[in-house]
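K.L.:
Before I ask anything, let me first share the structure, which is written out below as structure tokens.
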Ligand SMILES: *Cc1c(COP(=O)(O)O)cnc(C)c1O
């Protein structure tokens, strides 16, 4: 028998990782040593593993610089229409491997590291995740940046450079404990501060109405300091920019006008202004109406619009640089995409700039704004919709409130003229909600102020038109579109699962990495024994690697031959982690991994974590169960952990109540990585079933229509509880303290919720879910049949590339044309 290959040898054999030419490797080594010496100021006697990571990061970064400058020059000269993706979240994860993959440097760097006596995966593990997001919405923004660069769009991501990203989760005695994510502590080699482009952002103050226009005066100023991060396209020499703003107090802050506490106090108070970019709000699908959050939302919008307008004004006329003054052509040169309502203030802010500063008539400013802006909705859950109290607005952004009132008045006049006498409709469609506290409905503002409104999966877009935005759809049907979400195949296949990428490339070539629809060619290989064997072997290797990781990190041994049944996603009642718990309790015979985070203020979510860890304590220590079932709650789910867990999954849990998960993107990552899905007909699961064939997924439970019918009839949990003995047993066990012997009533709240006020109808899908899991078990006992279904799923997953999503945004909303052409390579480095 030949000796098993080491990880290094295995990696070397994989061709999708780029060529390790001798010249490349030798240059990389030279530059690595140069950075260790000149940048890190270390020699090899004292260098730490982190120093080596930084030396490698700088070495790889050098390959971006020429391309970055050239790309931006190219945009300046060609002056194409620019796309601005505005988002309060960019959940980027790590940059090193992604940069190497997109620049085809991976094998060369691996070889260089090896020759230097270093292991590249060890070094990669030193990089902090850029965790500037909560979950799907933030990760979508990151996948979109990769696709926009890979499709050659002149695009920019604009957001906030949070000093603290999503918290680190620790599990202490089964409970979630949050720790600050101090991700910038050792420095960030991927960003470049640009203090020369600092911009002022105004808050508070009051408005003055003069004959020549409105002035916003007596404001407090905070400076926005931009940090640029390169966004490389896939092997096309394009490097776009993600610009994140950091808050900086002006030098004179609190000294001139508010000099009460004296000089020292004034300097200390600079923190107040700089707190704006301190921390990411850790809520997923939940609106928290805090002043600091509203400040963040305006801060990113105000700074970004100054950039957009400056770049618009500097236009090239032939070879001459001229100042563009005709704002009516703004929509021809600029598209602004709003990632949810979080950056909705872009709409009144653009009007303010055009009317108050550029002196455009209201009608023109309005027309330009609507044609420039487009809005993506991410949820129909009422608790997630932003509705800001008027009082907060009045104090913080008095001029914007006036503008919103003006927009609303004109909007309601139009509604009234189209639907004379329909007072209820007027009330429903107003941007201002009356009744109790007056609030601004930000979704309504976005719909009225945009030329396109989209949902993120077909079923979700249909629900928007039929329910939450029905009135708006009836009035302006042309605005409503669908753009089904996607994921970047670079990070979510080539990077995280090179073994699978390679066995695919061996059959159909490497072009699928740019054009994922080519995966359908794998249909010719569903009966190919060698391919079935290769796919199964890669999965087994991934499972072994993940099992080793779990053992090292958590001292739990899991049987790599058992099914890896994984539900990883933020914890939320609508995602129904509790349904999964009930299955585990009932059946006790499957290997199950659960990873997720709860928002720090979400009590039920934290209790769900406690329940999962409690079930784990009982099940994992039951000698009768042995290694047939382990329940693992992995701490600190994040992009990097997703990259490790998803390639190892056999079964993907996508079990939200139909109609509640707008799209999901985790579902797509699993599908592409060779897991089968057990799921409801919700979000993008519906389209996954369409693409792979419904018979190749494990679909169960109520459809949206069934949920609606049940709502009409009235959902009664005890009906199910009394009728289904196994359900009753599981619930009774939780209630009686079987999983919490020291504190029997620990889960009383959860049981109470499930029995009496469960908005997401867990029990209604219990029976069908159990039956469906039985089908899963039966198929898993036939490995060949299982792997054939896996192949059919991979072959059907091409639609879910974010390249497809972005091409549709480009053509159908932004009016720009995607391209797979390379741009000229710079004379890099030399
Ligand atoms: C993809 C992803 C998500 C979204 O997962 P869903 O199952 O769609 O909710 C959340 N967090 C991370 C780290 C991800 O990579």
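Any read-out appearing in this document is the output of simple, stated calculations on the displayed coordinates, not a laboratory observation. What you are looking at is a predicted structure, and each value in this text was computed from that prediction instead of being measured. Because the Cβ atoms are built from the backbone with ideal geometry, glycine has one as well, and the counts that use them run over all protein chains shown.
K.L.:
Name the residues of the range 118-158 whose amide N is less than 17 Å from a point 7 angstrom out from the Cα of residue 552 along the C-beta direction?
P.N.:
It comes to 118-129, nothing else.
K.L.:
Divide the volume of the convex hull of the Cα atoms of the range 494-552 by its number of residues and quote the answer in cubic angstrom per residue.
P.N.:
Hull volume normalised by residue count: 76 Å³.
K.L.:
Can you work out the PRE-style zone for residue 527? Point 7 Å along Cα to Cβ, and I want the residues of the range 489-504 with backbone N under 12 Å.
P.N.:
Label zone hits: none.
K.L.:
Here's another thing I want to ask about it. Rank by packing, highest mean first: peptides 416-427, 185-196, 575-586, 215-226, with packing defined as the count of other Cβ atoms within 10 Å averaged across residues.
P.N.:
So the order, starting with the most tightly packed, is 575-586, 215-226, 185-196, 416-427.
K.L.:
Right, another one. How large is Rg over Rh for the range 241-339, taking Rg from the Cα atoms and Rh as the Kirkwood inverse mean of 1/r across Cα pairs?
P.N.:
1.11
K.L.:
Something else about it: Quick check: convex hull of the Cα atoms in the range 676-759, volume per residue, rounded to a whole Å³?
P.N.:
131 Å³
K.L.:
Still on this structure, I have one more. If each residue of separation counts as 0.36 nm, what is the full-extension length gain between residue 217 and residue 622 once their alpha-carbon separation is subtracted?
P.N.:
The span from residue 217 to residue 622 would gain 138.9 nm if fully extended.
K.L.:
Please figure out what share of the DSSP beta bridges in the range 110-263 is antiparallel and state it in percent, rounded to the nearest 5.
P.N.:
85 percent
K.L.:
Sticking with this one: Of all beta bridges DSSP finds with both residues in the chain, what is the antiparallel percent, to the nearest 5?
P.N.:
50 percent
K.L.:
Over 24 Å, how big is the tail of the calculated P(r) for the range 465-606, in percent of all Cα pairs?
P.N.:
Every Cα pair in the range 465-606 considered, those over 24 Å come to 58 percent.
K.L.:
Taking N as the number of residues in the range 415-482, what is its alpha-carbon radius of gyration divided by 2.2 N^0.38 Å?
P.N.:
1.14
K.L.:
Can you give me the pair-distance distribution of the chain, C-alpha pairs, 10 Å bins, whole percents?
P.N.:
2, 12, 22, 25, 21, 12, 5, 1, 0, 0
K.L.:
Label 7 Å along Cα→Cβ of residue 359; the range 320-347 residues with amide nitrogen under 11 Å?
P.N.:
None, by backbone N distance to the label point.
K.L.:
Same structure, new question: Give the average over all directions of the projected area of the C-alpha convex hull of the range 165-228, one decimal, in nm².
P.N.:
Directional mean of the projected Cα hull area for the range 165-228 stands at 8.3 nm².
K.L.:
Oh, and also: Quick check: from the Cα gyration tensor, does the range 73-163 come out rounded (a/c under 1.5), prolate or oblate?
P.N.:
Because a/c hits 1.5 or more and a/b fails to exceed b/c, the range 73-163 counts as oblate.
K.L.:
Taking every pair of alpha-carbon atoms in the range 121-263, give the share separated by more than 28 Å as a whole percent.
P.N.:
Counting every Cα pair in the range 121-263, those more than 28 Å apart make up 41 percent.
K.L.:
While we're here: How many nm is it between the label spots at residue 9 and residue 326, if each spot is 7 Å from the Cα in line with the beta carbon?
P.N.:
Placing both labels 7 Å along Cα→Cβ, they lie 6.8 nm apart.
K.L.:
Restricting to DSSP H runs of at least four residues, report the calculated mean residue ellipticity at 222 nm for the chain, -39500 (n - 2.57) per run over all residues, nearest 500 deg cm²/dmol.
P.N.:
Helix-only estimate at 222 nm: -13000 deg cm²/dmol.
K.L.:
Let me ask something additional. When the gyration tensor of the range 292-388 is built from Cα positions, what are the square roots of 5 times its three eigenvalues, in whole Å, from largest to smallest?
P.N.:
28, 13, 13
K.L.:
Something else: Can you pull a Stokes-Einstein diffusion coefficient for the range 324-364 at 25 °C (0.890 mPa s), Rh from Kirkwood over Cα pairs, as a whole number of µm²/s?
P.N.:
My calculation gives 218 µm²/s for D.
K.L.:
Let me ask another. Give the calculated FRET efficiency between residue 782 and residue 644 to the nearest 0.05, with a Förster radius of 25 Å applied to their Cβ-Cβ distance.
P.N.:
0.35
K.L.:
What does the extension gain come out to for residue 413 and residue 723, with contour length at 0.36 nm per residue minus their alpha carbon separation?
P.N.:
106.1 nm
K.L.:
Could you work out the Kirkwood radius for the range 782-830, taking every pair of different alpha carbons, averaging 1/r and inverting it, reported in Å?
P.N.:
With all distinct Cα pairs of the range 782-830 included, I get 14.4 Å.
K.L.:
Just to confirm my numbers, what's the Cα centroid distance between the range 605-632 and the range 663-726 in Å?
P.N.:
A separation of 24 Å, based on Cα centres.
K.L.:
Sorted by packing (mean other beta-carbon atoms within 10 Å per residue), highest first, where do 9-17, 333-341, 764-772 land?
P.N.:
Highest to lowest by the protection proxy: 333-341, 764-772, 9-17.
K.L.:
In what sequence, highest mean first, do 343-354, 305-316, 496-507 appear when ranked by Cβ atoms within 10 angstrom?
P.N.:
343-354, 496-507, 305-316
K.L.:
Once you keep just the Cα pairs under 8 angstrom separated by 6 or more residues, what percentage relative contact order results for the chain?
P.N.:
14 percent
K.L.:
Set the Förster distance to 41 Å, then compute FRET efficiency between residue 711 and residue 736 from the Cβ-Cβ distance, nearest 0.05.
P.N.:
After rounding to 0.05, the efficiency reads 0.85.
K.L.:
Let me ask something else. What FRET efficiency would be calculated for the residue pair residue 175, residue 437, taking the C-beta separation as r and a Förster radius of 30 Å, to the nearest 0.05?
P.N.:
With a Förster radius of 30 Å, E is 0.30.
K.L.:
Tell me the relative contact order for the range 690-830 as a rounded percent, counting alpha carbon contacts under 8 Å between residues six or more apart.
P.N.:
The normalised contact order for the range 690-830 reaches 28 percent.
K.L.:
Modelling each spin label as a point 7 Å along the Cα-to-Cβ direction, I'd like the residue 367/residue 41 distance in nm, to one decimal.
P.N.:
Rounded to a tenth, the inter-label distance reads 6.0 nm.
K.L.:
Can you pull the three principal axis extents for the Cα set of the range 154-201, in Å, largest first?
P.N.:
Here the spans come out as 49, 25, 22 Å, largest first.
K.L.:
What length, rounded to one decimal in nm, is gained on full extension from residue 757 through to residue 481, with 0.36 nm per residue of separation minus their alpha-carbon distance?
P.N.:
96.0 nm
K.L.:
Restricting things to alpha carbons, tell me how big the range 188-319 is in terms of Rg and Dmax, in Å.
P.N.:
Answer for the range 188-319, Rg first and Dmax second: 18.2, 58 Å.
K.L.:
Here's another thing I want to ask about it. Using only Cα atoms, figure out Rg for the range 3-161 and give it as a multiple of 2.2 N^0.38 Å.
P.N.:
1.16
K.L.:
Another question, then. Kindly identify the range 414-545 as rounded, prolate or oblate by the Cα gyration tensor criterion: order the square roots of the eigenvalues as a ≥ b ≥ c, call it rounded if a/c is under 1.5, otherwise compare a/b with b/c, prolate if a/b is larger, else oblate.
P.N.:
prolate
K.L.:
Per residue and in Å³, how big is the convex hull formed by the alpha-carbon atoms of the range 563-670?
P.N.:
Hull volume over Cα atoms, normalised by residue count, gives 100 Å³.
K.L.:
Follow-up. Using 10 Å bins from zero, what percent of all Cα-Cα pairs in the range 46-86 falls into each bin?
P.N.:
Bins of 10 Å from zero give 24, 29, 25, 16, 6 percent of pairs.
K.L.:
Can I ask one more? How big, in percent, is the set of alpha carbon pairs in the range 344-482 lying more than 24 Å apart?
P.N.:
That fraction is 30 percent.
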